[in-house]
Amino acid sequence: MTKKQTCIFLIVIAVVVAALLAGIVLTDGLYESETTIQETMQDAVLHEGDKISLFGLPVNPGLISAFSVTAILLVFAAIVRIFVIPRFRFVPGKFQLLLEQAVGMFDGLAKGNSPHRNGFLGAYVFAAGAYIFVGTLFELVGAPVMTMAGASVILPAPLADINGAIALGCLSYLVILSGGIVSNKLRGVGRTLKEFSLPISMSFRLFGALLSGALVTELVYYYLALSFVLPVIVGVLFTLLHALIQTYVLTMLTTLFYGEVSEPYVKRPKAKKDKRQNKTSHSEATV
Amino acid sequence: MPLQLAAVPLNIDWQQVLLHVLNFVILFAGLWLLLYKPVRSFMQKRREHYEKMDADANAKNAAAEEKKAAYEQKLAAADAEAEDKRRAAERAAADYEAEKRAEADAFAKQVVSDARRDAAQIKAQAVSEARGEIADIVSEAVGKVVLEDSTSEAYDQFLDAASAPAEK
């Protein structure tokens, strides 16, 4: 780096720092919240004060997010089905490659973890993966909605709502159970019920992971001094990483347990005990 | 509020849980029909296409290998046949050469013997003719000698008579 370049670099850094400091000083007191951080975080978990009316039914913002995510995904899928898939080529372009990679990844995950039965599982984990990934990234959009109390709230990730997490966790468990029943009848039911804690662990893992992300973001956004530069890392990078990790975790767990319960039962021959050997060893032991 | 919290932990609402489930079922069905199934079937079709191409290429390769083996076999047979023919031709040529040489030898011998016989005949004939001529010359010379007066003249005549046939 030449002297001139070093000078330019230092000047740019100084200007950026000065602009940030000016922003911090000038915006101080502009965004004073009416609620305390405790109340904000309590709302983020319990959604007591931010109910939204869905045709007269009070629901959590997470449900509206879930419907929005579903709508977005279905519209996207319909557009792709109508305009893109008929133009697929044997040598794929970039977008076709992306779609094929997504489908192939979940299909491969299902085949790899559940080799005996995976047709339905692949489609399920594809849908669940797309839902979790897009749903988690949806909070970055920051779409505002009006609550029943007249306040404005930003739509969170659908799975940051405990009801959404329980729905997906229990549904995944039911899918695993169905795989066990179809493959091994009663034995499959037994194998699935053996993992009775699975729906709770799956639900609360999703909820806890996404809620912790939401809480950290809330904390960062609550304090004005932290609302420069840092939200880019916390809001975008953490959410992106979060989306990938949660998608991978739930789909991987579902396919693994599905593969375990749908594995065909193999009767193992019982090892016959050699009476003579037993007698000898017994006598040796006695001696 | 605290009473509600105690009644329903974490404000879990089973109606909303069911709404979430319904939402996800709709999403699952939609994604399966619109995206997953068509993309997967396309990928399957492409896989089958390339597998068929691969199988065709393998079949063609096998057929080409078979043809190559057959051609090599034929080539080997042709080489062997050509070698046999070459050997037969060499044998025939050698036989022909020997035959021709024998014929030529016989002819040469015949020519030589004929020539010798002719030469002997010509020689005998020449000798006999020369004898006759000599006898004639001698008798003619004797007659002339006898008839001429001088001996020297007679001798000259004799010499003239003797050199006359040689000049002819």
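The values are calculated or read from the model by the stated rules, or taken from the named source; none is laboratory data. Note that this is a predicted model, so its numbers are computed, not measured. No Cβ is skipped: glycine too gets one built from the backbone with ideal geometry, and neighbour counts run over all protein chains shown.
Might you let me know whether the stretch A:175-190 holds any residue that is part of a helix (DSSP H, G or I) and under 16 Å from the mean Cα position of the chain (by Cα)? There is no residue in the stretch A:175-190 that is part of a helix (DSSP H, G or I) and under 16 Å from the mean Cα position of the chain (by Cα).
What number goes with the only condition from (1) surrounded by fewer than 17 Cβ atoms within 10 Å (Cβ to Cβ); (2) modelled with pLDDT under 75 that A:Tyr221 does not pass? Against the list (1) surrounded by fewer than 17 Cβ atoms within 10 Å (Cβ to Cβ); (2) modelled with pLDDT under 75, A:Tyr221 comes up short only on (1). Here is the figure for the stretch A:87-119: residues that are facing another protein chain (nearest Cβ under 9 Å) and in a helix (DSSP H, G or I) total 8. With respect to being in a helix (DSSP H, G or I), without any contact (Cβ under 8 Å) to a residue 24 or more places away in the chain and not basic (Lys, Arg), A:Ile166 falls outside the description. Might you let me know whether the stretch B:18-40 holds any residue that is within 14 Å of chain A (Cβ to nearest Cβ), under 30 Å from A:Leu46 (Cβ atoms) and outside any helix (DSSP H, G or I)? No - not one qualifying residue is present in the stretch B:18-40. Just so you know, in the stretch A:86-104 the residues that are aliphatic (A, V, I, L, M) and without any contact (Cβ under 8 Å) to a residue 12 or more places away in the chain include one that is farthest from A:Gln246 (Cα to Cα), and it is A:Val91. Number of residues in the stretch A:53-82 that are in a helix (DSSP H, G or I) and either more than 18 Å from A:Phe207 (Cα to Cα) or more than 9 Å from chain B (Cβ to nearest Cβ) (or both) equals 17. Contact annotation: no residue pair with Cβ atoms under 7 Å, 6 or more positions apart or on different chains, pairs a residue in the stretch B:92-112 that is without any contact (Cβ under 8 Å) to a residue 60 or more places away in the chain with a partner that is surrounded by 10 or more Cβ atoms within 10 Å (Cβ to Cβ). Quick one: would you say B:Glu81 is assigned to a helix (DSSP H, G or I), farther than 30 Å from A:Val91 by Cβ and of a type outside the set (Gly, Ala, Ser)? For B:Glu81, the condition - assigned to a helix (DSSP H, G or I), farther than 30 Å from A:Val91 by Cβ and of a type outside the set (Gly, Ala, Ser) - is met.
Scanning for something of a type in the set (Ser, Thr, Tyr), within 20 Å of the chain's Cα centre (by Cα) and within 12 Å of chain B (Cβ to nearest Cβ), does the stretch A:122-138 turn up at least one residue? Yes - at least one qualifying residue is present in the stretch A:122-138.
Figure legend. Inter-residue proximity from the stretch A:201-213: first residues closer than 16 Å to A:Leu137 by Cα, second residues assigned to a helix (DSSP H, G or I) and of a type in the set (Gly, Ala, Ser), beta-carbon distance below 6 Å, spacing 6+ or different chains. Indicated pairs: A:Leu206/A:Ala165; A:Phe207/A:Ala165; A:Leu210/A:Ala160; A:Leu211/A:Ala160.
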